Amino acid sequence: MRTIALAAALSLTVCSAHAQKVIRVWHTETQPNSQEAVKNIARRFEARHPGVKVEVEALAWGDLEPKIMQSLAAGTPPELSHGQPITCTALQSKGLLLPLDDVVKSLGEDNIWEQVKRVCRVGGTQYGLVHAAGTSLLIYRKDVAQKLGLKPPKTWADLVANAKAFSTQGMAGITIPGDNLFINILLGELVKANGGVLFDKQNRPQLATKPIIETLEFIRDLTQYAPKGWEGHGYLETFTNLYGQKAAMMYQGYGRGASLIEKNAPPSIANAEHFDVWVKPVGPSGREPAAQVDEEPWMLFKGAKNTREAIEFLKFFYQKENYLEYVQTVPIHLFPITKSLRADHDYQATPMIQRWKSWIEVQEGYLNRDQGKPTLVIDWDDMNSKPYLMEVLGSGILRDMVMDVALEQKPAKEAAARAQQRLEELLKSKGYLK
Amino acid sequence: MRAARAGWLLVLPAAALIAALSLYPVGYGIWLSFYNKHAFFPGEQFIGLANYGAVLADEEFWRSLRLGLVYSLSTIVLQLLIGTAAALLLNEAFPARGLVRAVAIFPYVVPTVVAIIIWKWLLNNQFGLVNYALGVSISWFGRDWIMVSLILVSVWQFFPFVLLAVLARLQTIPLDLYEAAKVDGANAWRRFVHITLPQLAGVLFVVVLLRSVWMFTKFDTPWLMIQGGGAEPYIRTLPIYTFQRTFAYYEAGRGSAMAVLMFLLLVVAAALYFRLWRREEQL
């Protein structure tokens with residue numbers, strides 16, 4: 001009798017397990033409170049949708065792309081995942097993504113910023129929808145700058161001069177990360193700020209052009225004032241340098257730095273009066289500043305099992321109470337993609353937004369003037385016309401070029417020629433370049 | 001005849017398992033090396049030996065090979081020296097020897113990821129304990145020092161393997177050999193050179209062979225060293241570059257060609273090693 005009861009219980013469990021639909025969600029917000037917010041949203045969604053389970057996994061930035069690729073190769077992609085904008089367009093070009101137009105409709109197309117809608121949008125269809133946006137920032141020690149009488153840098157030469165002046169104060173003039181992703185981000189936005197392009201319309205790399213040579217020389221000049229061994233510093237280490245008072249400026253800063261400063265800097269200086277932001281300067285051949293926009297889109301995978309439920313989950317994610325909880329976890333970095341939430345009183349009343357207003361204003365300026373682009377994207381057209389940017393980023397060729405100039409002291413032209421040759425070989429092997 | 005068939009049938013499951021788990025992946029890797037194949041997307045194109053040609057013409061390949069040789073040779077030499085010295089020490093009688101022996105193998109049992117996280121903290125150039133203790137400001141993960149850091153961490157991690165192997169052999173050397181040498185007036189150094197070393201030769205042969213293969217193909221330690229910062233180009237050894245070609249450039253064919261070449265290099269090195277060793281034995 002006991003055996004029969006056990007077997008019945010077991011079969012019921014198996015049946016219910018079969019009935020449950022699982023939505024696998026991968027995201028890159030590794031900060032504990034952001035992870036908690038996504039989990040909370042998932043639990044609320046499950047409560048409203050019996051029979052649906054949301055499995056949330058937070059992944060480090062560097063791990064995400066390989067993991068997505070491996071899951072696609074294995075035929076087991078998650079339902080939803082964050083990804084670099086250039087990854088999104090690369091996957092879309094291979095027909096691996098499903099449209100998110102239903103989610104866009106539920107939010108109201110006009111309610112979404114124009115800048116955000118340009119990410120992973122192909123032929124009027126939205127294949128990726130940004131979870132939140134934030135731009136890179138030039139963060140500096142305001143108190144030290146005031147003491148030295150430094151002015152906001154308008155040109156790259158001004159910035160180098162400021163870095164030099166800061167370096168007389170017992171700290172490095174500037175801190176920048178040396179890892180592949182951030183060097184690619186840096187190079188992309190500097191080339192844009194100097195009026196250059198990385199590739200022409202025929203996909204030929206343009207590394208030997210004047211704007212890029214000038215960019216390399218600028219990085220070489222600037223990194224003279226970076227801490228010794230800067231090339232070994234990761235992104236989070238550069239924040240440590242900043243709030244640990246080892247460096248006075250940070251070129252690849254982001255809004256999440258405000259949270260880190262409040263948490264880790266000595267209390268007497270952990271505020272916007274001591275850590276402020278300048279608008280990024282313009283290169284000698286450029287006309288306007290440029291910043292990178294950190295705006296990973298949600299992607300819905302064609303090969304996933306429960307795509308309909310995943311769309312419902314995304315709609316739920318963007319509902320005001322859920323989305324507000326999410327963006328408030330890193331309020332200076334995670335800008336909502338909807339105009340309605342941006343104007344919402346509850347959002348505006350977020351205490352951190354009140355405390356770090358100048359940081360918000362500079363980011364809004366970049367976004368409103370369309371000066372912010374995703375990694376390695378110079379013009380919006382690149383998003384769809386250059387599906388190889390993901391491979392270019394992964395290859396590390398651009399980072400090697402920067403290191404050749406900044407560390408090995410090779411002439412910029414020589415380093416650029418070597419990288420040009422490597423990139424051409426890469427693109428030819430993939431059939432993008434004749 | 002029937003007995004022979006039964007024997008084959010009995011061996012078959014094991015042979016099938018070996019073929020499935022070992023030969024198939026190797027064979028697939030070799031097959032891939034003749035194709036232009038994206039690492040993840042379907043479809044491939046036969047290109048013969050073009051991948052091999054491209055690899056041999058790639059200056060990064062040669063640079064990675066050079067870095068890999070620097071890394072593996074220096075770590076092997078240091079592991080041998082430190083491991084053997086530690087084994088000789090731990091073969092002597094002293095109080096709490098058992099405890100010291102247990103502690104000595106600790107680095108080898110610590111998971112690599114844990115070891116690297118600990119060392120990255122210790123060697124942090126701004127806030128690390130090592131710089132503080134030494135009173136220096138060395139950028140351990142910068143261009144000039146990252147290879148040194150990698151070698152130090154690897155030697156720390158793997159010398160206990162040498163220690164264990166050598167210590168086990170030391171404990172089996174007959175003591176009367178030493179006693180006879182003492183009677184003949186041999187001092188400690190001569191006893192070491194003429195008794196201990198020859199007795200250790202067999203185990204050192206195996207240790208050098210294994211550690212050479214493992215260090216030359218070592219991936220996890222350098223890979224973890226460059227996660228979240230670390231001047232990667234300066235410790236981009238051949239396994240790292242092969243991984244990048246496959247999973248960052250998304251070139252499975254070319255990555256496989258590199259892996260095959262790495263395998264061939266090891267086969268040639270092992271063959272040379274065996275040949276040299278045999279000659280030594282004949283002397």
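Read the figures in this text as sums done on the coordinates, not as results from a lab. Small disclaimer: the values here were computed from a predicted structure and weren't measured. Virtual Cβ from ideal backbone geometry, glycine too; neighbours counted across all protein chains shown.
Here are the numbers:
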{"item": "Shape category assigned to the stretch B:188-283 from the gyration tensor of Cα positions, a/c cut at 1.5", "result": "oblate"}
{"item": "Derived scalar couplings ³J(HN,Hα) [the stretch A:80-94; Karplus, 6.51 cos²θ - 1.76 cosθ + 1.60; whole Hz; x for Gly, Pro]", "result": "10, 8, 6, x, 4, x, 6, 5, 4, 5, 5, 5, 4, 5, 8"}
{"item": "Alpha carbon centroid spacing (whole Å) that separates the stretch A:276-310 from the stretch A:38-81", "result": "20"}
{"item": "Shielding by partners - mean other protein chain Cβ count within 10 Å, residues of A:220-233", "result": "5"}
{"item": "Spherically averaged projected area in nm², based on the convex hull that wraps the Cα atoms of the stretch A:33-133", "result": "7.5"}
{"item": "Cα-based shape type of the stretch A:391-434, given that a ≥ b ≥ c are square roots of the gyration tensor eigenvalues and the cut on a/c is 1.5", "result": "oblate"}
{"item": "Computed Rg/Rh of chain B, alpha carbon atoms with Kirkwood Rh", "result": "1.05"}
{"item": "Length added when fully stretched, residue A:31-residue A:55, from 0.36 nm per residue minus Cα-Cα", "result": "6.9 nm"}
{"item": "Cα-based equivalent ellipsoid of the stretch B:106-170: semi-axis lengths in Å, sorted from largest, via gyration tensor", "result": "27, 12, 11"}
{"item": "Inter-chain Cβ neighbour average for residues B:242-251, partner chain, 10 Å", "result": "5"}
{"item": "Charged-residue dipole, Cβ positions (Lys, Arg, Asp, Glu), the protein assembly as shown about Cα centre, Debye nearest 20", "result": "1180"}
{"item": "Helix-only CD estimate at 222 nm, as mean residue ellipticity for chain B, using -39500 (n - 2.57) per DSSP H run (n ≥ 4)", "result": "-22500 deg cm²/dmol"}
{"item": "CD proxy at 222 nm, helix term only [per DSSP H run n ≥ 4: -39500 (n - 2.57); per residue of chain A; nearest 500]", "result": "-15000 deg cm²/dmol"}
{"item": "FRET efficiency, 1/(1 + (r/R0)^6) with R0 25 Å, evaluated for residue A:202 and residue A:413 via beta carbons", "result": "0.70"}
{"item": "For the stretch A:341-376 versus the stretch B:233-267, the gap between their alpha-carbon centres in whole angstrom", "result": "43"}
{"item": "Burial ranking of peptide ranges A:37-43, B:130-136 (average Cβ count within 10 Å, highest at the top)", "result": "A:37-43, B:130-136"}
{"item": "Farthest positive-ward along chain A dipole, Cα basis, beta-carbon charges - from A:271, A:240, A:159", "result": "A:240"}
{"item": "For peptides B:24-30, A:334-340, sequence by mean Cβ density within 10 Å, most packed first", "result": "A:334-340, B:24-30"}
{"item": "FRET efficiency for residue B:184 and residue A:74, using Cβ-Cβ distance with R0 set to 60 Å, rounded to 0.05", "result": "0.35"}
{"item": "Fluctuation leader among A:69, A:401, A:250 - chain A, Gaussian network, Cα springs under 10 angstrom", "result": "A:69"}
{"item": "Note, ³J(HN,Hα) from phi for the stretch A:42-47, Karplus 6.51, -1.76, 1.60, rounded to Hz, x at Gly and Pro", "result": "4, 5, 5, 5, 4, 5"}
{"item": "Per-residue HN-Hα couplings for the stretch A:264-271 [Karplus 6.51, -1.76, 1.60; θ = phi - 60°; Hz; x = Gly/Pro]", "result": "10, 6, x, x, 5, 10, 7, 7"}
{"item": "Distant-in-sequence amide H partners of residue B:251 (H built 1.01 Å from N, under 5 Å)", "result": "B:39, B:246"}
{"item": "Long-range HN-HN contacts of residue A:372 with modeled amide H, under 5 Å", "result": "A:291"}
{"item": "Simple spin-label estimate for residue A:110 and residue A:43 in nanometres, 7 Å along Cα-Cβ", "result": "3.9"}
{"item": "Most mobile listed residue (A:349, A:58, A:304) in chain A, GNM with C-alpha springs under 10 Å", "result": "A:349"}
{"item": "Of B:53, A:146, B:132, farthest towards positive along the dipole that unit charges on Lys, Arg, Asp, Glu beta carbons give the protein assembly as shown", "result": "B:53"}
{"item": "Cβ charges +1 (Lys, Arg) and -1 (Asp, Glu), total dipole of the stretch B:58-250, debye", "result": "100"}
{"item": "Measure of compaction for chain A (Cα Rg per 2.2 N^0.38 Å)", "result": "1.04"}
{"item": "For residue A:132, residues with placed amide H under 5 Å, excluding near neighbours", "result": "A:296"}
{"item": "Dipole-positive endmost among B:273, B:149, B:208 within the stretch B:145-283 (Cβ charges, Cα centre)", "result": "B:273"}
